[in-house]
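The values are calculated or read from the model by the stated rules, or taken from the named source; none is laboratory data. Please read these numbers as outputs of a predicted model, since none were measured by experiment. We place every Cβ from the backbone using ideal geometry, glycine too, and count neighbours over all the protein chains shown. Keep in mind that these areas ignore ligands, DNA and RNA; they rest on the heavy atoms of the full protein, side chains included. Shrake-Rupley method; radii C 1.70, N 1.55, O 1.52, S 1.80 Å.
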Amino acid sequence: MNMEDKKIIAVVGSTGAQGGGLVKAILDDPNSPYRVRAITRDANSEKAQALIAKGAEVVAATMDDLTSLESAFAGAYGVFGVTNFWEHFKPELEITQAENLAKAAKAAGVQHFVWSTLEDTRKFLPLESNQMPTLMEKYKVPHFDAKGESDQFFKELGVPTTFLLTSFYWDNFIHFGMGPQPGPDGNLMIAFPMDDKPLPGIAAKDIGACAYGVFKEGTDHVGRTVGIAGDHLTGAQMASAMSESLGTPIGFYPISPEAFRALGFPGADDLGNMFQFKRDFNDSFVGARSVDVSRRLNPGLLSFRQWLEAYRSQIPLPEAATP
């Protein structure tokens, strides 16, 4: 198939974890029916130039500017869209950006939008509930609720959308400070307020590869929610796998949500509520994320042990402390 005959997939966040995974999946597939239009804020950045060198079209646009998005989506068959709460910690900004994505897709006549979203936890836990604190006066889990609330824009505008529910990034053990740390007894451990409940997790790069599978399977997915995960593992199971892979004993500490929220780092209250939501509504959260469906969409899907095999050298491993 000639490049001109391939349909354009416009990828928002093309240099990030999720969008970058989709860009890579398309570019690495010599038989892909798609070509990449990588959307980034700075088309002259080193990452953007690297995408051009690999065969991607790069277009500068920002989610804060509707006009730039309309231009970037023009002529595209499909769009992958994701917002990043952790850049700014402002759920209202995420909501505005998502609305701009939906409006631009509608204006461009996009035939398939894959929207990376999460549950609006307020549908499970009303604001007046004391089960967990209300944050910013409007949210239970701000970075979840803003995305879940934004689903409405795509539905109300009639944008043909697949709602892609993502999972915990195992890459957080490398980049987000969630790797093994000395615990109260001095030994290395990972700590989540999940008790003995399983946590759906996934390699960040596999999110984009699964999104590619959604596009390839076609518009039958339009109007549907697709949840993805590489494994459903308890904290103890993850700690055991890490111990074997890293060659050092690592335990699991089931910290309470209250203690996690009190850790004091930026977003600790949001993440404490997030883990509590995943724990308290575990059947629903896990049930929405099928490993089998994820593997069908992405045959190269990594299990946690496979991810550890590939990335263990990148996990920071401090010395165990003497209690």
Scalar couplings 3J(HN,Hα) for region 176-185 by Karplus 6.51 cos²θ - 1.76 cosθ + 1.60 (θ = phi - 60°), nearest whole Hz, x for Gly and Pro, are 10, x, 9, x, x, 9, x, x, x, 8
Dimensions (Å) - region 222-323, Cα atoms, principal axes, largest first: 53, 32, 22
For the pairs 24/278; 90/155; 103/147; 7/47, flag any whose C-alpha to C-alpha distance is greater than 27 Å. 24/278
P(r) for the chain, please, calculated from all Cα pair distances in 10 Å bins and given in %. 6, 26, 34, 24, 9, 1, 0
With angles folded into 0 to 90 degrees, how steeply does helix 235-246 sit against the dominant principal axis of the chain? Use alpha carbons for both and round to 10. 90 degrees
Where does helix 142-157 land angle-wise versus the long Cα axis of the chain, in degrees 0 to 90, nearest 10? 30 degrees
Could you run the Karplus curve 6.51 cos²θ - 1.76 cosθ + 1.60 with θ = phi - 60° over region 113-126 and give me ³J(HN,Hα) per residue in whole Hz, x for Gly and Pro? 10, 9, 9, 7, 10, 8, 5, 7, 5, 5, 6, 9, 9, x
Checking 145, 185, 195 against a Gaussian network model of the chain (alpha-carbon springs below 10 Å), the top fluctuating residue turns out to be 185
Arranged from highest to lowest average of other beta-carbon atoms within 10 Å per residue, in what order do the peptides 304-315, 166-177 appear? 166-177, 304-315
Toy charge model, Lys and Arg Cβ at +1, Asp and Glu Cβ at -1: the chain dipole around Cα centroid in debye, rounded to 20, equals 640 debye
What accessible area per residue comes out for the chain, rounded to a whole number of Å², with a 1.4 Å probe? 43 Å²
Vicinal HN-Hα couplings computed from phi for region 187-197 (Karplus, 6.51 cos²θ - 1.76 cosθ + 1.60; Hz; Gly/Pro x): 7, 5, 7, 9, 9, 9, x, 10, 6, 9, 8
Relative to the longest principal axis of the chain, what angle (0 to 90°, nearest 10) does the C-alpha long axis of helix 204-217 take? 40 degrees
Report, in debye and to the nearest 20, how large the dipole of region 23-108 comes out about its Cα centre when Lys and Arg carry +1 and Asp and Glu carry -1 on their Cβ. 240 debye
Just for region 133-276, what percent of DSSP beta bridges are antiparallel, to the closest 5? 45 percent
Give the residue list of trypsin sites (Lys or Arg not before Pro) in region 1-107 that are DSSP loop and have at most 14 other beta-carbon atoms within 10 angstrom. 54
The answer for residue 233, listing residues at least 5 apart or on another chain whose modeled amide H is closer than 5 Å to its amide H, is 199, 201
Return a whole-number percent for the relative contact order of the chain, with Cα pairs under 8 Å and 6 or more residues apart as the contact set. 17 percent
Let me spell out the model: positive unit charges on the Cβ of Lys and Arg, negative unit charges on the Cβ of Asp and Glu, origin at the Cα centre of region 239-323. What dipole size does that give, in debye rounded to 20? 300 debye
